[in-house]
Amino acid sequence: MSGTSDPPTRFRLTDSTLRDGSHAVAHQFTVDQARAVVTSLDAAGVPVIEVSHGDGLGGSSFNYGFSHTPELDLLEVAIDARTTSRIAILMLPGIGIREDLLRAADLGIDVARIATHCTEADISQQHIALAKELGLEVVGFLMMSHMIGPDHLLEQARKMASYGADCVYVVDSAGAMTIDDARRRVAALKAGLDCQVGLHAHNNLSLAVANSMAALEEGADQLDGCTTGLGAGAGNCPTEILVAALERSGVATGVDPLAVMDTAETVVRPIRPKQGVIDRDGLLLGYAGVYGSFLLHAKRAAERYGVDVADILLELGRRKVVGGQEDMIIDVAVELERTAATAQAAT
Amino acid sequence: MTVRCAIVGSGNIGTDLLHKLARSATLEPVLMVGIDPDSEGLARGRAMGVTAIHDGVDRLLDHAVDVDLVYEATSAWVHRDNAPRYADAGLPVIDLTPAKLGPLVVPTVNLDEHIAAPNVNLITCGGQATVPIVHAVAQVCDVPYAEIVSTVASVSAGPGTRQNIDEFTKTTSAALVEVGGARHGKAIMVLNPAEPPILMRNTVFCALPDGYDAAAVRDAIVEMVDEMAQYVPGYRLKSAPVIETEVYGTPGGVVPARVVALLEVEGAGDWLPPYAGNLDIMTASAVRVGEAMAPRPTGSAGPGSAEVSA
């Protein structure tokens, strides 16, 4: 806690360093890292900490990358290390299954976040219902929300709310939203839903903190960050920067700003020192509207097939691929290689 | 003599199947069962001269004497309710839901093994598209782990598929092992809402053990794709199979490489447009299995014969 006589917090912060941050480290988190991050965030007063493979429970795979340490082992450590923080998981129907959720619930998680592409909310019905039955708090997570307008997004959010979600998130998976994009989507959900509304921002356009603050102005109840921004694409909304910026704006966060800055500097920064740089490829994700977690896979495929990572990302944007279609990175890279070989043969 | 078939379920799968059965020389659609009187599928059935009823399987069982073979095209949990009733009535079933009550069948892998089974399961559309590739690789080397990603256009996935998404992944994963021959399996399903709708895409990853023969692996996949295209004309490789060398710590152990087969299935456009290759491969397999189960012209045992206890 900040220890000052701040007004009561208007929103709740979830730190996803140990879930979305998993993408940035190719899912290589260790038990020791998980324990250190949770202990430090918990002490700083972060109310919710998410722990899972980057692609959610069951995400360890060829397509998304195999986990160094099974996510249930990381969850077990996180639950053991926390004192007041609630522990959340993410799962994507189609990748994870209800049994994964049951196993996580047995370990003692508090929050289940169920994610679908923004137009496919109805595949979450069984999973949201099961999480509610298990007594968990449930968040519906509408990924790639930049791809549809506010009215369409509300229609999908209403489905998740009707299945029992306690909160529905506008998720900017591609870091493609402008401030106005974020504001209008959060406002539409706030106006049309009885449950809570959240925003999950990425920083590919360097707007994650600004979008999160705009979301709060529209009444958002929950926000996400990752410490140092560790996460998919150019990174997430950096938790410590969001907390500092909000406190400077007179918005109580419930998190100790200096403590969370220390978490960032001493616990998370050493895991990936150069996190926070928005290089061309990270920026391209936001510009082309491509799912953030494709970035590392695209870089690897570009190297393997001798093609340009920018060409891969732009083609993925043209094809309107959605989260989960990492296999299309290979598809595009192989095609680009073939096109280049054909062009060379013709000259 | 034709085999008289009932289609239970008047959604996308059932209606696509109706069109394919109508073209079969040995199978004849005679009854279509739905639950929604206004269903487009039932209307299509009536227009094609098929008895179409909307009050569920009770009346199908009344009609049992007129039907030789049931195609279940509802959902996994509906089939779990219906299956014992078909069994009591002595009706053989080809199950197109992921209920996985009977043996799993893929025509290019094990068509003949389960012809006499009273209930055969066709896994899932993704399973029909990917299990043959795993099987082909497993013929030339050990497959410690196989994984598939099946992506279909959102508009081609009806409510049954959407509410069955866990059953899809679980049944398909099991089939990669039980029918494909991998030691471990994982299936992933993705829905893509892009407009115009995308063709069904399937990507198969097989872990390759030390000492694998790259040429043999590639050739086995290409041959299987040709075989599949015999009854699913739109089934094809998007690119030649690629072998990626890297140390992978799979659930089946650490391997030095994987083969990636990038597949596309264009449908025949019988009911939904050609993007819905997921419907096409399922119903094409269903017809293929039904034809294999049909009695030989000489009157040997088959569906509807006295061999099936009533």
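The values are calculated or read from the model by the stated rules, or taken from the named source; none is laboratory data. Source: prediction; values computed, not measured. In this analysis, Cβ positions are derived from the backbone assuming ideal geometry, glycine residues included, and neighbour counts consider all displayed protein chains.
Observations on the model:
- Condition met for A:A333 (closer than 19 Å to B:R258 by Cβ, part of a helix (DSSP H, G or I) and outside the structural domain of A:Q28 (by TED's automatic domain parsing)): yes
- For A:V260, the stated conditions do not hold, so it cannot be described as outside any loop (DSSP other than H, G, I, E, B) and within 12 Å of chain B (Cβ to nearest Cβ).
- Criterion (within 13 Å of another protein chain (Cβ to nearest Cβ) and of a type in the set (V, I, T)) met by exactly one of A:V322, A:V309: A:V322
- Test: residue in region A:265-273 that is crowded, with 23+ Cβ neighbours inside 10 Å, more than 29 Å from B:A194 (Cα to Cα) and modelled with pLDDT of 95 or more: yes
- Positions within region B:249-276 being within 11 Å of chain A (Cβ to nearest Cβ) and charged (D, E, K, R), in sequence order: B:R258, B:E264
- Take the conditions (1) in contact with a Lys or Arg (Cβ under 6 Å, 6 or more places away or on another chain); (2) closer than 30 Å to A:D281 by Cα; A:G175 misses just one of them, which is (1).
- Search result, residues across region A:105-123 that are out of contact with any helix residue (DSSP H, G or I) (no Cβ under 6 Å at 6 or more places or on another chain) and closer than 24 Å to A:G225 by Cβ: A:I109, A:D110, A:V111, A:R113, A:A115, A:H117
- From the list A:L216, A:L189, the lone residue that is under 26 Å from A:L130 (Cβ atoms), in the same structural domain as A:M143 (by TED's automatic domain parsing) and either in a helix (DSSP H, G or I) or among the acidic types (D, E) (or both) is A:L189.
- Residue tally, condition facing chain B (nearest Cβ under 8 Å) and of a type in the set (S, T, Y), over region A:109-136: 1
- Filtering region B:130-180 to residues that are within 21 Å of A:G65 (Cα to Cα), part of a loop (DSSP other than H, G, I, E, B) and within 9 Å of another protein chain (Cβ to nearest Cβ) leaves only B:Y145.
Yes/no per residue for (1) in contact with a Leu (Cβ under 6 Å, 6 or more places away or on another chain); (2) crowded, with 17+ Cβ neighbours inside 10 Å; (3) of a type outside the set (A, V, I, L, M, F, W, C):
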| site | (1), (2), (3) |
| --- | --- |
| B:L18 | no, yes, no |
| B:A43 | no, no, no |
| B:W77 | no, no, no |
| B:D81 | no, no, yes |
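- When A:G198 is tested against (1) out of contact with any helix residue (DSSP H, G or I) (no Cβ under 6 Å at 6 or more places or on another chain); (2) part of a helix (DSSP H, G or I), just one condition goes unmet, and that condition is (2).
- Any hit, region A:269-291, residues being closer than 22 Å to B:V149 by Cβ and more than 14 Å from every other protein chain (Cβ to nearest Cβ): yes
- Counting only strands (runs of 3 or more DSSP E) wholly contained in region B:181-245, the ones carrying 1 or more residues that are within 14 Å of another protein chain (Cβ to nearest Cβ) and without any contact (Cβ under 8 Å) to a residue 40 or more places away in the chain occupy B:235-237.
- Residue match in region A:163-178 (condition: polar (S, T, N, Q), surrounded by fewer than 20 Cβ atoms within 10 Å (Cβ to Cβ) and within 25 Å of A:D279 (Cα to Cα)): yes
- Test: A:A345 is more than 11 Å from chain B (Cβ to nearest Cβ), part of a helix (DSSP H, G or I), among the aliphatic types (A, V, I, L, M) and touching a Leu at 6+ places or on another chain (Cβ under 7 Å): no
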